[in-house]
Amino acid sequence: MKPDISNKLSLSAKSMKKSAIREILKLIQNPKMISFAGGLPSPDSFPIEEIKEITSMVLETQGKSALQYGTTEGDNGLREMLLKRHRAQGLSVDHKNLSISTGSQQALDILSKIFIDRGDYIICGLPSYLGALSAFGAYGAKMKGIPFDDFGMRADELEKALKELEKGKNKVKFIYVIPDFQNPAGITMPESRRKEILEIASKYDLLIVEDSPYRDIRFEGLPQKLMYELDTEERVTTLFTFSKILAPGFRVAWILGNPQIIDKFLMAKQSADLCSSVLVQKIVAEYMRRGLLDLNLVNTISLYKKRRDHMLSCFEKFMPEGVKWTRPEGGLFLFITLPEYMNADDVFNLAVENNVAFVKGSVFYCDDCGKNTMRINFSYCDIETITKGVERLAKVIRLSMK
Ligand SMILES: Cc1ncc(COP(=O)(O)O)c(C=O)c1O
């Protein structure tokens with residue numbers, strides 16, 4: 001007799017859903033498809049030759065330790081390089097503030113594990129990164145979404161929501177924000193908004209999870225201080241990753257936070273994977289030591305800026321009246337808002353028939369709204385493909401309009 005697995009699943013597993021984005025990526029594997037859907041870096045930004053050379057050097061000089069288990073907090077050489085980088089940016093950080101993670105996705109999962117009890121509330125943006133919402137949801141969190149204006153999460157709406165949650169005696173654990181080039185909206189929070197949110201977090205005694213995978217990919221404008229830097233009370237834990245600035249295939253990321261949080265994080269990471277890949281951490285450390293990370297970043301930024309500029313000019317040229325989009329100063333995405341009466345689900349089906357794909361914005365809304373929105377990636381396709389793709393997309397949107 002085969003076991004009835006569904007009867008044995010945990011409550012968490014029962015409530016898990018497949019990621020809408022991963023499902024879309026499977027659906028659009030047709031080679032004729034132009035995909036603006038995934039959050040993929042351009043493979044042209046991957047420094048394959050340098051990594052080949054560094055890998056064999058690491059194996060020659062440190063092979064025995066590189067292929068061994070490592071410490072949970074991460075390779076010391078890499079941690080040193082990261083601390084040096086953050087200190088040069090003006091952050092006051094030490095070893096006790098930092099842990100390596102296996103991708104930022106693991107950090108989101110572990111932070112959920114250590115903070116969320118079933119029924120706790122997490123505050124997130126409307127819209128917000130789907131992978132984070134899934135991680136919080138897997139631990140039984142309820143999500144309260146806060147609407148955005150042009151500067152990100154609205155502070156007045158945040159305070160209103162927290163007052164209501166407090167009245168209902170609900171437990172709120174943390175506020176989840178992506179202040180730089182938000183995924184999916186492409187919006188950057190100015191420092192003034194970051195400070196307002198920090199003040200509210202302090203007033204309601206909440207933690208902040210600042211997710212920052214795109215911060216280094218800035219095309220223009222002035223960098224705004226990290227919430228980690230603005231925080232005077234150690235409420236902020238910040239997540240960084242090499243996925244968008246080097247290679248997502250490495251699965252190396254890191255977090256900065258209050259030592260008490262880092263300590264718990266490490267205990268939870270021990271039961272998740274013991275340690276992140278030592279070989280890969282040593283390769284990344286050597287890559288940084290040679291100063292190649294910043295050199296490569298200059299090329300990546302210039303490549304993505306060209307693609308963003310080109311996409312924006314194609315939007316101007318081809319999109320029908322009534323369609324609006326964000327103009328991100330960096331990152332990988334822009335966000336389209338269709339006229340209110342339209343549904344991006346219908347546009348999506350027609351778009352796939354016409355060999356162009358995007359992610360429906362509604363998947364990023366924890367309150368089932370955003371039906372008339374779409375996330376568009378501009379880092380992956382080359383200039384020629386962007387032109388063709390936007391032309392197709394604009395045609396499909398026009399056909400779907402009344
Ligand atoms: C906001 C945000 N957080 C976390 C991640 C996960 O990154 P990683 O590849 O480091 O797991 C992503 C990936 O797209 C992201 O956009």
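The values are calculated or read from the model by the stated rules, or taken from the named source; none is laboratory data. Since we're looking at a predicted model, the values are computed, not measured. Please note: Cβ atoms are built from the backbone with ideal geometry, for glycine as well, and neighbour counts cover all protein chains shown. We work out accessible area using only protein heavy atoms, side chains counted, and drop any ligands, DNA or RNA first. Shrake-Rupley method; radii C 1.70, N 1.55, O 1.52, S 1.80 Å.
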| task | Tell me, yes or no, whether segment 85-102 has at least one residue that is open to solvent by 50 Å² or more (accessible area, probe 1.4 Å), farther than 22 Å from L274 by Cβ and within 15 Å of the ligand (Cβ to nearest atom). | result | no
Out of (1) among the small types (G, A, S); (2) surrounded by fewer than 20 Cβ atoms within 10 Å (Cβ to Cβ); (3) assigned to a helix (DSSP H, G or I), the one G322 does not meet is (3)
By residue number, the members of segment 232-249 that are more than 9 Å from the ligand (Cβ to nearest atom), outside any loop (DSSP other than H, G, I, E, B) and in contact with a helix residue (DSSP H, G or I) (Cβ under 8 Å, 6 or more places away or on another chain) are V236, T237, T238
Of the residues in segment 128-152, those that are under 16 Å from V172 (Cα atoms) and not aliphatic (A, V, I, L, M) come to F136, G137, Y139, G140, K142, K144, G145
Residue set I386, I376; condition closer than 25 Å to Y176 by Cβ, of a type in the set (A, V, I, L, M) and in contact (Cβ under 8 Å) with a residue 24 or more places away in the chain; output residue I376
Test result for K113, of a type outside the set (G, A, S), under 30 Å from R22 (Cβ atoms), open to solvent by 10 Å² or more (accessible area, probe 1.4 Å) and in contact with an Asp or Glu (Cβ under 9 Å, 6 or more places away or on another chain)
no
Residue count, segment 255-278, condition within 27 Å of L332 (Cβ to Cβ) and open to solvent by 10 Å² or more (accessible area, probe 1.4 Å), comes to 3
Only one of (1) touching a Pro at 6+ places or on another chain (Cβ under 8 Å); (2) open to solvent by 20 Å² or more (accessible area, probe 1.4 Å) does not apply to E353, and that is (1)
Note: among E210, E199, just one is outside any loop (DSSP other than H, G, I, E, B), more than 20 Å from the chain's Cα centre (by Cα) and modelled with pLDDT of 95 or more, namely E199
Taking segment 120-176 and keeping only residues that are open to solvent by 40 Å² or more (accessible area, probe 1.4 Å), touching a helix residue (DSSP H, G or I) at 6+ places or on another chain (Cβ under 8 Å) and within 16 Å of the ligand (Cβ to nearest atom), one is left with Y129, M143
message = Given the criteria closer than 27 Å to G38 by Cβ, within 16 Å of the ligand (Cβ to nearest atom) and surrounded by fewer than 24 Cβ atoms within 10 Å (Cβ to Cβ), does L293 qualify?
response = yes
Restricted to segment 213-231 and to residues being in a loop (DSSP other than H, G, I, E, B), within 16 Å of the ligand (Cβ to nearest atom) and of a type in the set (A, V, I, L, M, F, W, C), the residue nearest to P259 (Cα to Cα) is L226
request  = Go through the residues of segment 24-36 one by one and say whether even a single one is among the aliphatic types (A, V, I, L, M), open to solvent by less than 30 Å² (accessible area, probe 1.4 Å) and assigned to a helix (DSSP H, G or I).
outcome  = yes
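Results for (1) under 15 Å from the mean Cα position of the chain (by Cα); (2) of a type outside the set (D, E, K, R), shown as yes or no for each residue.
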{"residue": "M143", "(1), (2)": "no, yes"}
{"residue": "D150", "(1), (2)": "no, no"}
{"residue": "E157", "(1), (2)": "no, no"}
{"residue": "K167", "(1), (2)": "no, no"}
{"residue": "K173", "(1), (2)": "no, no"}
{"residue": "D205", "(1), (2)": "no, no"}
{"residue": "D216", "(1), (2)": "yes, no"}
Is it true that T326 is out of contact with any Lys or Arg (no Cβ under 8 Å at 6 or more places or on another chain), within 13 Å of the ligand (Cβ to nearest atom) and either within 30 Å of F148 (Cα to Cα) or of a type in the set (D, E) (or both)? no
Apart from one, (1) within 16 Å of the ligand (Cβ to nearest atom); (2) open to solvent by 70 Å² or more (accessible area, probe 1.4 Å); (3) in a helix (DSSP H, G or I) all hold for L40; the odd one out is (3)
